[in-house]
1. Among the residues that make up the range A:74-83, is at least one of them facing chain B (nearest Cβ under 9 Å), at pLDDT below 90, in a loop (DSSP other than H, G, I, E, B) and in contact with a helix residue (DSSP H, G or I) (Cβ under 7 Å, 6 or more places away or on another chain)?
2. Here is a check on your reading of the model: is residue B:40 over 11 Å from the mean Cα position of the chain (by Cα) and more than 9 Å from chain A (Cβ to nearest Cβ)?
3. Looking at A:42, A:28, which is the one that is closer than 15 Å to residue B:5 by Cα and among the hydroxyl-bearing types (Ser, Thr, Tyr)?
4. Among (1) at pLDDT 85 or above; (2) over 16 Å from residue B:25 (Cα atoms); (3) more than 7 Å from every other protein chain (Cβ to nearest Cβ), there is one condition residue B:64 misses while meeting the rest; what is its number?
5. Picking from B:29, B:85, which residue would you name as being crowded, with 22+ Cβ neighbours inside 10 Å, in contact (Cβ under 8 Å) with a residue 24 or more places away in the chain and among the β-branched types (Val, Ile, Thr)?
6. Collect the residues in the range A:6-43 that are at the interface with chain B (Cβ under 10 Å from one of its Cβ atoms) and over 22 Å from residue B:19 (Cβ atoms), keeping them in residue-number order.
7. Condition first: surrounded by fewer than 20 Cβ atoms within 10 Å (Cβ to Cβ) and not hydrophobic (A, V, I, L, M, F, W, C). Now tell me which residues in the range A:41-60 satisfy that.
8. Got at least one residue in the range B:23-37 being more than 20 Å from residue A:145 (Cβ to Cβ) and among the polar types (S, T, N, Q)?
Amino acid sequence: MNMSSTEIFYICGIVALLAAFLACIIRSSRNAGLALWCCGMSIGAMYLSLGFELLAIIQWIISTLVGISFIFYAVLFGPKPGKINIRIGFVRFIATLCVCAGLFLLISYCVKDLFLSSELNTAKIGLGELGVDLLKNHIVSLAVIGLTLFVTIVGAGVFSRAERLKK
Amino acid sequence: MMLIPMALGMVGLICLLFKRTLLGMIIGIQLLNFGAASAFIVAAVKSSTQATGHIFGFFIVLSGIVQLILLYSAAIRLFYLKKQIGVENIRSLRS
């Protein structure tokens, strides 16, 4: 069965939304981390269906690393599931989702062409063109993000040092 | 096509509002980043600026990593000081 890229995009999008929904409502941090990983992988598949191969591979790698690290920290720090009434949380979540969905449908009704159009033109751009565009037009942004990453890593190492409050 | 990035962003925002631990906030922020990057990618596909959308999605993913590192370090620090990672414990660090 041949599937068009549009169908693959929507199938992966639905999987990503379901995984995001699960990650939001699951109490266990480990299972929420697994759902987040699944969401990231589905989004990478969405990028691949649109022709953004480099971004898809980057998304897969990063979502796998995020999932592994999240599960590690969830086991290390994560609280045990408490005795909170899950039903109330679920109802609150569904109510908020319905309100947001209603607002979104109202906005999309006003801007119908932008949001409900289903045309799909897959990108045909090579790595070389991306690299040239990045270095020509976005070199400052690249330097800023690199510097930010470096400062973040150093600062995180200092901030998360082993120190306990003196009693 | 824009429905999916918008819905992802909404789910991330709701998760950020209702989760009470730093790890839960990480999930919300990552979902928001996923939605934002997807929105830029879909907008780039619909317009004729595909390279720009690709680059912007790349930058959003990298900024998501920065936010992740910061929140992990905050969780580690809070756990060392308070033995918990609930958001309400951050306020108690003032005293």
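The values are calculated or read from the model by the stated rules, or taken from the named source; none is laboratory data. Since we're looking at a predicted model, the values are computed, not measured. Note: ideal-geometry Cβ built from the backbone for every residue, glycine included; neighbour counts use all protein chains shown.
1. Pass one, the range A:74-83, residues facing chain B (nearest Cβ under 9 Å): A:74, A:76-79.
If we keep only those that are at pLDDT below 90 too, we end up with A:74, A:76-79.
Among the residues that remain, those that are also in a loop (DSSP other than H, G, I, E, B) are: A:78-79.
Restricting the remaining residues to those that are in contact with a helix residue (DSSP H, G or I) (Cβ under 7 Å, 6 or more places away or on another chain) gives A:78.
Scanning the range A:74-83, I find at least one residue that is facing chain B (nearest Cβ under 9 Å), at pLDDT below 90, in a loop (DSSP other than H, G, I, E, B) and in contact with a helix residue (DSSP H, G or I) (Cβ under 7 Å, 6 or more places away or on another chain), so the answer is yes.
2. Working: over 11 Å from the mean Cα position of the chain (by Cα): yes; more than 9 Å from chain A (Cβ to nearest Cβ): yes.
In short, yes.
3. On the way: A:28 fails: closer than 15 Å to residue B:5 by Cα.
Among A:42, A:28, only A:42 is closer than 15 Å to residue B:5 by Cα and among the hydroxyl-bearing types (Ser, Thr, Tyr).
4. Of everything listed in (1) at pLDDT 85 or above; (2) over 16 Å from residue B:25 (Cα atoms); (3) more than 7 Å from every other protein chain (Cβ to nearest Cβ), residue B:64 misses just condition (2).
5. After ruling out the rest, the residue left standing is B:85.
6. Selection gives A:6, A:9, A:10, A:12, A:13, A:14.
7. Within the range A:41-60, A:51, A:53 meet the criteria.
8. no
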